[in-house]
Amino acid sequence: MVSRQGLVAMVMAVTMLCTPSLALGWSNGPDDGNGYGTHDWVLDEALALSGETWVDREAALLKTDDPDTLYGDEDKIYHTFMVDGDYRGAPAKVAELYYDAVVAYQEGRLTEASEYLGLLSHYYSDIGVPYHTFYNEADAADHLAYELEVDSNHRNPGDASGWITPRSRRAVTDIRQQTVDMAIASRATYASLRSAYASSGYNSTVDSITKSNLSMVVNGLADVICSIADAEGVSGPGIVSASVPTTYVGRDKLARVDAKVLDASGDPIEGVLVRFTWPKIAGTVVDIEFTDENGLATSWELLGKETYNKPLVVTATSECGGKSSTSSATLIPTEVIGYIKTGVSNHSPEQGTLLTVRTVILNEKGKPISGLPVTFTWTHKTTTLTYTTTTNAWGVAYHQRNIGQSTLGFRVYVKAQTQSGGINRSSTASWLPKSPLDPVGLSMVKVEGSNRFETAVKISAKAFPNGADTVLVATGRSFPDALGGAALAGGYNAPILLVEKTSVPSTVKAEIQRLGAKTAIILGGTGAVSTSVESSLRSAGITTIKRYGEATRYSTARKIAQAAIAKAGAGWDGTAFVATGVTFPDALAASPLSAFRKWPIYLSNPAEDPATLISQMKADGVKRVIILGGAAAVSTDFETAARSALGSAERIAGDDRYDTGALVAEYGVESCGLIWDGVAVATGQDFPDALAGGMLGSMKGTVILLTGGTNLSPDPRGLLTEASGSIGTVHFLGGSSVLKDSVRDQIGSLLD
């Protein structure tokens with residue numbers, strides 16, 4: 001017998017170690033495997049025990065080496081039956097070759113049947129090696145050395161006389177299950193063999209285990225040979241059922257499909273080969289997996305740029321014994337949710353009210369996710385009702401239900417649940433039903449400071465209670481440079497703070513420190529916000545300062561729009577607002593929607609040829625324009641030219657600034673997923689409060705309404721009356737010097 005030291009030296013010279021060595025199993029002998037080795041010896045011993053005479057011995061022996069010497073790396077999965085993982089294929093391969101041998105025998109092709117038997121014996125005997133049933137990377141050298149040392153005893157027929165202990169023949173009823181059982185029995189000896197061989201090489205313990213395992217293999221193989229003539233051991237494919245734990249998966253993410261294989265009695269089958277077929281855009285992928293002791297096989301596949309919302313049907317197929325079983329499961333590539341919010345049409349509905357629940361779902365870039373199933377679960381006391389709808393083009397899912405005689409005093413909850421991009425998300429709304437005699441509980445929140453700078457600070461604190469990394473800074477004394485800042489603020493999730501031309505108020509510094517902001521983006525040139533402000537910002541903790549300021553308000557607005565588009569990246573859908581740069585109300589009315597959807601705001605210069613701005617917008621990637629205000633604000637020539645050049649242009653215009661503002665708010669709710677509850681109200685006679693308030697609306701997912709400072713203007717009045725059932729909270733921006741108590745009282749009366 002070759003010394004263990006010599007064998008280890010041989011092993012270290014062999015390049016095929018670790019996982020590749022799994023394919024070797026027992027050795028095949030010299031002459032490129034056509035010589036005589038352990039694989040040949042095992043088959044010879046089995047033939048002798050079987051007593052069968054139909055086998056063409058020479059043809060069979062010539063095939064025993066082929067899986068090692070002729071087949072490639074892809075064949076390695078069939079040489080082992082590990083505890084888990086990919087290398088579990090031996091039972092499936094043995095079952096396949098057994099069926100091939102049976103068919104060839106039945107058709108009188110005995111030489112071919114013998115060749116299939118030779119191949120079968122290789123895979124069957126390989127798992128008699130305990131190292132082929134339990135993988136440990138540290139086993140690599142000992143694994144190969146052990147096999148070569150055993151092989152040194154099997155160089156000729158008749159060698160190792162007495163190693164095999166014969167037993168009586170047994171019927172083979174399921175060749176695959178017999179192979180599984182043998183592999184498990186071999187695995188049971190792994191720990192003992194590994195420990196003994198690692199400590200002192202091929203000793204008496206190793207010898208005893210080896211002979212016992214080889215006896216098990218040879219006797220089992222003899223049973224197999226005897227059963228081929230009667231085809232009694234043919235295994236079937238089982239009954240496959242495919243499923244997915246996550247239906248709505250993300251592109252460029254790992255997706256999973258499970259296949260359960262059961263027999264006719266409903267019991268799981270182990271060792272079944274399941275072929276998963278993934279029809280991906282980049283090309284069909286076939287993944288081969290094997291069932292575990294629970295009959296479960298799992299396939300994982302990294303999805304590429306599959307088409308959003310287009311079903312990807314993955315099939316799972318088992319083929320064995322000339323039969324097959326197929327099942328399919330459907331995956332739907334969807335986007336990862338970045339925002340989900342649920343609101344109700346009435347914050348305190350009376351019994352018998354028809355209530356609308358709405359959930360807005362946006363992706364990580366702020367774009368709506370359409371076609372996504374949303375399950376609404378209504379819970380009241382011990383009653384639970386479930387309904388499913390899908391999101392529309394704006395990412396909004398609706399459901400209506402009459403709350404009937406819901407018990408007073410018990411809160412009703414509606415939970416919206418969905419799955420997208422492989423992640424489960426939910427959002428909940430609730431309310432207390434009331435009787436017609438109960439008063440409405442309206443929350444009127446004042447967000448105000450002693451001046452415009454402090455009011456902006458109060459708005460920032462309300463919108464960003466947990467801080468923000470970035471702040472946008474604009475002059476509080478004039479409006480043009482900051483009008484386009486909403487989309488950029490939305491991209492950075494940043495408040496807009498106001499400063500003097502040459503200084504930063506102390507309350508603003510304190511808010512920057514509370515926020516923990518390190519980056520400041522200044523809107524406007526040094527003529528609006530001087531360089532001395534930069535020094536003050538640094539003293540408040542700002543370490544990075546960016547500035548977007550050009551020669552005119554129009555070029556500044558474009559520069560800010562370009563920055564907002566760049567920040568939004570793939571989250572921008574090509575939509576942009578256009579408002580007049582002469583006055584502020586129209587742009588401010590759209591600021592929550594601009595921030596929410598990352599839609600930039602360009603300013604139109606009435607003294608300039610419309611083609612100039614349109615050309616700039618087209619160069620920036622704008623594909624759709626929403627014009628704010630009537631023809632006196634942005635000309636009809638501009639609208640016509642934009643529609644011709646960009647392909648899409650629409651206008652939102654009312655009779656005056658308040659009517660336009662109300663229409664913009666209504667558009668935001670009806671088409672873009674904003675809600676009425678939490679509506680912000682600001683004066684339309686000055687810009688600072690509404691300028692800073694746009695981000696409050698965006699963060700709360702609500703709109704802003706502009707009104708006269710002394711009386712509630714007719715158009716917002718009508719809109720608030722219509723939406724009163726949906727509003728439980730109103731935010732008043734600015735002190736009573738700019739938004740009189742009379743306006744607040746009128747709104748309170750409307751909503752109560």
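The values are calculated or read from the model by the stated rules, or taken from the named source; none is laboratory data. This structure is a prediction, so every number in the text was calculated from the model and none was measured. Backbone-built Cβ (ideal geometry, glycine too); neighbour counts: all protein chains shown.
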**Report entry** Any chance Ser327 is surrounded by fewer than 21 Cβ atoms within 10 Å (Cβ to Cβ), within 28 Å of the chain's Cα centre (by Cα) and either at pLDDT 85 or above or outside any strand (DSSP E or B) (or both)
**Finding:** yes
Requested in this report: State whether the residues of region 183-194 include one that is buried (at least 19 other Cβ atoms within 10 Å of the Cβ), farther than 30 Å from Ser299 by Cβ and basic (Lys, Arg).
Outcome: yes
Report summary line: Sole miss for Glu58 among (1) in a helix (DSSP H, G or I); (2) surrounded by 16 or more Cβ atoms within 10 Å (Cβ to Cβ) is condition (2)
Query - Checking Thr418 against (1) in the same structural domain as Thr543 (by TED's automatic domain parsing); (2) over 17 Å from Leu523 (Cα atoms); (3) in contact (Cβ under 8 Å) with a residue 60 or more places away in the chain; (4) out of contact with any Pro (no Cβ under 6 Å at 6 or more places or on another chain), the condition it does not meet - result: (1)
Query raised in the report: Name the residues in region 273-294 that are surrounded by 23 or more Cβ atoms within 10 Å (Cβ to Cβ) and part of a loop (DSSP other than H, G, I, E, B), would you?
Result: Thr291
Query raised in the report: Name the residues in region 621-641 that are closer than 22 Å to Ala564 by Cα and surrounded by fewer than 17 Cβ atoms within 10 Å (Cβ to Cβ), would you?
Result: Gly621, Lys623, Arg624
Query raised in the report: In region 552-590, what residues are of a type outside the set (Ser, Thr, Tyr), closer than 13 Å to Pro600 by Cβ and outside any helix (DSSP H, G or I)?
Result: Trp572, Asp573, Gly574, Ala576, Phe577, Val578, Ala579, Ala590
Report summary line: Of the conditions (1) in contact (Cβ under 8 Å) with a residue 60 or more places away in the chain; (2) surrounded by fewer than 17 Cβ atoms within 10 Å (Cβ to Cβ), the single one that Ser644 does not satisfy is (1)
**Report entry** Filtered residues of region 295-315 (kept if assigned to a strand (DSSP E or B) and farther than 27 Å from Ala231 by Cβ)
**Finding:** Leu296, Thr298, Ser299, Trp300, Glu301, Leu302, Leu312, Val313, Val314, Thr315
Query raised in the report: What about Arg547, is it closer than 12 Å to Pro480 by Cα, over 29 Å from the mean Cα position of the chain (by Cα), of a type in the set (D, E, K, R) and crowded, with 16+ Cβ neighbours inside 10 Å?
Result: no
Query raised in the report: Just one of Pro268, Pro245 is loosely packed, with under 15 Cβ neighbours inside 10 Å, over 20 Å from Trp41 (Cβ atoms) and in contact with a strand residue (DSSP E or B) (Cβ under 7 Å, 6 or more places away or on another chain); which is it?
Result: Pro245
Query raised in the report: For Lys415, are the conditions met, namely being in contact with a helix residue (DSSP H, G or I) (Cβ under 7 Å, 6 or more places away or on another chain), at negative phi and of a type outside the set (A, V, I, L, M)?
Result: no
Query raised in the report: Does any residue of region 66-88 turn out to be over 41 Å from the mean Cα position of the chain (by Cα), under 18 Å from Thr179 (Cα atoms) and either outside any helix (DSSP H, G or I) or modelled with pLDDT of 95 or more (or both)?
Result: no
Report task. Could you check how many residues of region 483-539 are under 19 Å from Lys462 (Cα atoms), among the charged types (D, E, K, R) and not in a helix (DSSP H, G or I)? Result -> 0
Report task. Determine which member of the set Ser460, Ser443, Ser426 is in contact with a strand residue (DSSP E or B) (Cβ under 7 Å, 6 or more places away or on another chain), surrounded by fewer than 20 Cβ atoms within 10 Å (Cβ to Cβ) and closer than 28 Å to Lys740 by Cβ. Result -> Ser443
Query raised in the report: Quick one: in region 214-235, which of the residues that are assigned to a loop (DSSP other than H, G, I, E, B) and either surrounded by fewer than 21 Cβ atoms within 10 Å (Cβ to Cβ) or β-branched (Val, Ile, Thr) (or both) is nearest to the chain's Cα centre (by Cα)?
Result: Val234
Report summary line: Log entry, pairs with first residue in region 258-272 being part of a loop (DSSP other than H, G, I, E, B), second being of a type in the set (Ser, Thr, Tyr), beta carbons closer than 7 Å, six or more apart or on different chains, reads Ile269/Thr291; Glu270/Thr291; Gly271/Thr179; Gly271/Thr291; Val272/Thr291; Val272/Ser318
Report summary line: For region 158-211 the number of residues that are within 25 Å of Gly295 (Cβ to Cβ), among the small types (Gly, Ala, Ser) and free of Cβ contacts under 8 Å to residues at least 24 places away in the same chain is 1
Query raised in the report: If you take just the strands (runs of 3 or more DSSP E) that sit entirely in region 366-465, which of them hold at least 2 residues that are under 28 Å from Tyr308 (Cα atoms)?
Result: 373-380, 383-390, 396-402, 412-420, 423-431
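For region 300-308, state whether one or more residues are in the same structural domain as Thr246 (by TED's automatic domain parsing), under 18 Å from Thr391 (Cα atoms) and within 25 Å of the chain's Cα centre (by Cα).
yes
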